[in-house]
Every structure is written in C-alpha cells, then in structure tokens.
1. Is there a residue being in a loop (DSSP other than H, G, I, E, B), touching a residue at least 40 places away in the same chain (Cβ under 8 Å), within 14 Å of the chain's Cα centre (by Cα) and on the phi < 0 side of the Ramachandran plot anywhere in the range 123-140?
2. Among the residues of the range 97-116, what is the count of those that are basic (Lys, Arg) and buried (at least 20 other Cβ atoms within 10 Å of the Cβ)?
3. Quick one: in the range 1-33, which of the residues that are farther than 23 Å from CYS108 by Cα and open to solvent by less than 60 Å² (accessible area, probe 1.4 Å) is modelled with the highest pLDDT?
4. Answer with yes or no whether LEU76 is open to solvent by 30 Å² or more (accessible area, probe 1.4 Å) and more than 27 Å from LYS24 (Cα to Cα).
5. Answer yes if at least one residue in the range 96-109 is assigned to a loop (DSSP other than H, G, I, E, B) and in contact with a Lys or Arg (Cβ under 6 Å, 6 or more places away or on another chain), and no otherwise.
6. Would you check if there is a residue in the range 117-138 being touching a strand residue (DSSP E or B) at 6+ places or on another chain (Cβ under 6 Å), open to solvent by less than 40 Å² (accessible area, probe 1.4 Å) and within 20 Å of ASP23 (Cα to Cα)?
7. Considering only residues that are of a type in the set (Ser, Thr, Tyr) and out of contact with any Phe, Trp or Tyr (no Cβ under 9 Å at 6 or more places or on another chain), look in the range 57-100 and name the one that is nearest to LEU137 (Cα to Cα).
Amino acid sequence: MDASVTGRPKTLIGNYGIQVTMDKKKLEAFKKRLETRQQELRRTVTRNQADGRSADEDTAQDIADRAASSYTKEFLFSQSNNERQTLMMVDGALARIREGSFGECISCGKEINAKRLEAVPWTRHCIECQEKLEQGLLEEAPR
C-alpha cells in the first residue's frame, strides 16, 4: 500500500541503492518551500536583469555618474549570477524530489541530515561531502 494511504513514511531507494525514508508530508513541505523559493528567485533574476539594462540606458553626464552607473550594473550582475546559481540548485532539488532521490547526497549516497535539509533544502551534499568539496578534495558533480 502507498504511504499516502497508510500515512507511514515512504521508503525511497536512491541512486546508490541506499534506503532513504522520508515522510510524505515532509517531502511535500520541502517541495512547496522549494517551489516558492524558485518563484522568488525567478522574479528577482528578471528584475535584476531589467535594472541592469536600465542602468545602461542612463545617459550619465560626468565621470562620477558613469562610475556609479558602472558599479550599480556590476553589482546587479553579481547578485543576479548568485541568484541564478541558487535557482539552478533549487531546480535540481525539485528534480530529485520527482526522481525519488531527494535527501540523498549526490556524492556518497548517504542520507542528508534533516536539520541540514531544513536550513538549505536545495543542498546536494551531506555535511561530510560538502566539507570535502570546499577543501577541494571532492570533484564537483554536474548540476
């Protein structure tokens, strides 16, 4: 019987053959949080792109105005780039929910700690693999 009928946690077999058990309600809550974040990021990226274009259109008269405009444009580009990267990770997390591998580290296959998922639901790595990645000891997997 399906977990939605019995109310028991759903056991998923991830890419590494490791069982990951997640309550269907909890999985649905993560999905809603991720979808909300996805919409926010899409709006922000679009707004930053429009603001960057309008900064280009400003006809700055003196060098100080041009410098301020250039700084604003660079800042918006940097901010938009970070948000696009986060958006890609959110999209990946939603794909992992659809595939049934959400909550599983993409490197070692172990279950990601629930508190880590609560803090960063789009995370792709368990804490150990994330530390290795940051130290350069783990090769970044494609998103």
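1. Our first condition is that a residue be in a loop (DSSP other than H, G, I, E, B); within the range 123-140, this holds for 123-126, 135-140.
With the extra rule that they be touching a residue at least 40 places away in the same chain (Cβ under 8 Å), the set shrinks to none.
The answer is no, given that none of the residues of the range 123-140 is in a loop (DSSP other than H, G, I, E, B), touching a residue at least 40 places away in the same chain (Cβ under 8 Å), within 14 Å of the chain's Cα centre (by Cα) and on the phi < 0 side of the Ramachandran plot.
2. From the range 97-116, those basic (Lys, Arg) are 98, 110, 115-116; that's our starting set.
Applying the additional criterion that residues be buried (at least 20 other Cβ atoms within 10 Å of the Cβ) yields none.
Going through the range 97-116 one residue at a time, the tally reaches 0.
3. Across the range 1-33, the extreme among qualifying residues is ALA29.
4. Details: open to solvent by 30 Å² or more (accessible area, probe 1.4 Å): no; more than 27 Å from LYS24 (Cα to Cα): yes.
Judged against the criteria, LEU76 is not a match.
5. Residues of the range 96-109 assigned to a loop (DSSP other than H, G, I, E, B): 100-103, 105-109.
Adding the requirement that they be in contact with a Lys or Arg (Cβ under 6 Å, 6 or more places away or on another chain) leaves 102, 106.
Yes - at least one qualifying residue is present in the range 96-109.
6. We begin by selecting, within the range 117-138, every residue touching a strand residue (DSSP E or B) at 6+ places or on another chain (Cβ under 6 Å); these are none.
No, the range 117-138 contains no residue that is touching a strand residue (DSSP E or B) at 6+ places or on another chain (Cβ under 6 Å), open to solvent by less than 40 Å² (accessible area, probe 1.4 Å) and within 20 Å of ASP23 (Cα to Cα).
7. The initial filter retains those residues of the range 57-100 that are of a type in the set (Ser, Thr, Tyr), namely 59, 69-72, 78, 80, 86.
This time we only want the ones that are out of contact with any Phe, Trp or Tyr (no Cβ under 9 Å at 6 or more places or on another chain), so: 59, 69-72, 78, 80.
Values: THR59: 48, SER69: 40, SER70: 37, TYR71: 35, THR72: 36, SER78: 27, SER80: 28 Å.
Among those that are of a type in the set (Ser, Thr, Tyr) and out of contact with any Phe, Trp or Tyr (no Cβ under 9 Å at 6 or more places or on another chain), it is SER78.
The values are calculated or read from the model by the stated rules, or taken from the named source; none is laboratory data. Predicted model only: the values in this text are computed from it and were never measured. Glycine also receives a Cβ, built like all others from the backbone with ideal geometry; neighbour counts cover every protein chain displayed. Remember, those area values only see protein heavy atoms, side chains included, never the ligands or the DNA or RNA. Shrake-Rupley method; radii C 1.70, N 1.55, O 1.52, S 1.80 Å.
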